[in-house]
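Please read the structure below before turning to the comments.
Read the figures in this text as sums done on the coordinates, not as results from a lab. Worth saying up front: this structure is predicted, and the values here are computed from it rather than measured. All Cβ positions, even for glycine, are placed from backbone atoms using ideal geometry, and neighbour counts span all protein chains on display.
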Amino acid sequence: MFDFSVIIPTKNRISYCLEAVQSVLDLRDDRIQVVVQDNSDASNEERFHARFPDAPGLKYHYHGGTLSFVDNFSEAVEQADGQYLCMIGDDDGVLPNILQAVELARTQHYDAVVPGLNAVYCWPSEHPFIRDAENGYLVLSYIGRGIHGVSCSDALQKLMKNGAQDYQSLFLPRIYHGIVSREMMQRIYNKTGRYFDGLSPDIYNAVALSLVCDRVCRLDYPITVSGICPRSGSSDSATGKHTGKLSEAPHFNGHQDYTWSEKVPEIYSVESIWADSALCALEKFGAGQLADRFNVGYLDQLCLKKYPQFREEIRAHRKRHGVPALPSGACFTWRKTKAWLCRAFRRAVRRPGDVRKYYQVPDIRAAIQITQKAICQDENHR
């Protein structure tokens, strides 16, 4: 049994995945296991053994054929042996301070630790969606040293009010770029028969964990670096590729007879997938009273504003739910205005160094080194 497992699901992005694994093995700690769950078109086991011939903590598992995002994530957790678990993407990396976060969870008996997502790295790309980022780009934002308690019930209430959007800003416990105890994941499995469900495993898991965790804390600093490679979901979202008819969503691959929530408009978008998966978690846990507070009008208005090409579908959905146009529109406008005012205030009081941008960062290992150095410098200045 390992103290800690870092889990990496992957599919057809072996070159990035090898670097993600390297970031874990660079910690050189025999208490850590790294699990690779590979659903690529062909096995990459030989490449892993060639790159890491003497890595007893590395566990590679290949599953060929069609496998949904959800099932790939679930199999990955099944392969892990650690007492605490963290899942990252195959284009991400871990920071050395992740071990301190695991120790914090163990000694303070936290069910989950929610770190900051304030280190983001864009891999080199011929067509970057960020200006001048062709050769790699890293941004660090508002890195602090605080540790705070989290009320999962309050966070879920806010999530419903927001139409299940921006869930990461609410600090819900999560296995993806977070730390959770195996016991909490087992509670989810014991309740529903699965570790993940819905169409988006990360938000489903965040909602499910919020329903089973008792003690959760959040950190003002990152323990991972979120990578965005040219073939990542984040890159596709930024360039508008995660939009279209619901029947075109790749999330349905591997799902049979999936039931879409009637509270969510039938369009393919990041927002609708998030909302449906959050509601799926509430349904699986029998949390109907919380689901009843889901703000249908806010989600419809957000989708209408972002995807006017689906105006008829969204308006029909609003009509079926009896959502009046003006009140929800006014509510949406106020929420967006409030968010804009908060961002404007934050920019106004921003100190030099609160947001740091680095160009010409060739790979995730270089991004990790820069991030760790910045964190250490901040600690020395406090």
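Between ALA42 and HIS109, what is the label-to-label distance in nm when each label sits 7 Å out along the Cα-to-Cβ direction?
Label at ALA42, label at HIS109, 5.3 nm between them.
Rounded if a/c is under 1.5, else prolate if a/b is larger than b/c, else oblate: which is the stretch 8-140, with a ≥ b ≥ c the root eigenvalues of its Cα gyration tensor?
It is oblate, given that a/c is not under 1.5 and a/b is not larger than b/c.
Label 7 Å along Cα→Cβ of ARG28; the stretch 353-372 residues with amide nitrogen under 18 Å?
365-366, 368-370, 372
Helix-only mean residue ellipticity at 222 nm, the chain, DSSP H runs n ≥ 4 weighted -39,500 (n - 2.57), per residue, nearest 500. What is it? Before the final figure, lay out the partial values.
Details: 14 runs with 162 residues, N = 382.
Estimated from H runs of four or more residues: -13000 deg cm²/dmol.
How far, in degrees from 0 to 90, does helix 152-161 lean away from the longest principal axis of the Cα atoms of the chain, to the nearest 10?
It works out to around 40 degrees.
Could you give each residue of the stretch 189-200 its phi-based ³J(HN,Hα) in whole Hz, using Karplus coefficients 6.51, -1.76, 1.60 with θ = phi - 60°, and x for Gly or Pro?
4, 5, 7, 10, x, 8, 7, 9, 7, x, 9, 10
Please sort 177-185, 286-294, 191-199 by packing, taking for each peptide the average over its residues of neighbouring beta carbons within 10 angstrom, highest first.
Numbers: 177-185: 22.6, 286-294: 14.3, 191-199: 20.1.
Going by the mean number of other Cβ atoms within 10 Å, highest first, we get 177-185, 191-199, 286-294.
What does a probe at ARG215 reach in the stretch 115-159, counting residues whose amide N is under 16 Å from the point 7 Å along Cα→Cβ?
Of the residues in the stretch 115-159, 147-152 have backbone N under 16 Å from the label point off ARG215.
Take HIS321 and ASN253, extend 7 Å from each Cα along the Cα→Cβ direction, and tell me the distance between the two endpoints in nm.
2.9 nm
Helix 14-25 against the longest principal axis of the chain: what's the angle in degrees, Cα atoms only, rounded to the nearest 10?
60 degrees
Report, to the nearest 10°, how far helix 325-348 tilts away from the longest principal axis of the Cα atoms in the chain, using its own Cα long axis and a range of 0 to 90°.
It works out to around 40 degrees.
Find out how many positive minus negative residues lie around PHE196, taking Lys and Arg as positive, Asp and Glu as negative, among other residues whose Cβ is under 12 Å from that of PHE196.
In short, -2.
Among ILE368, LEU299, ALA42, whose Cα sits farthest toward the positive end of the charge dipole of the chain (+1 at Cβ of Lys/Arg, -1 at Cβ of Asp/Glu, about the Cα centre)?
Final value for the positive-end residue is LEU299.
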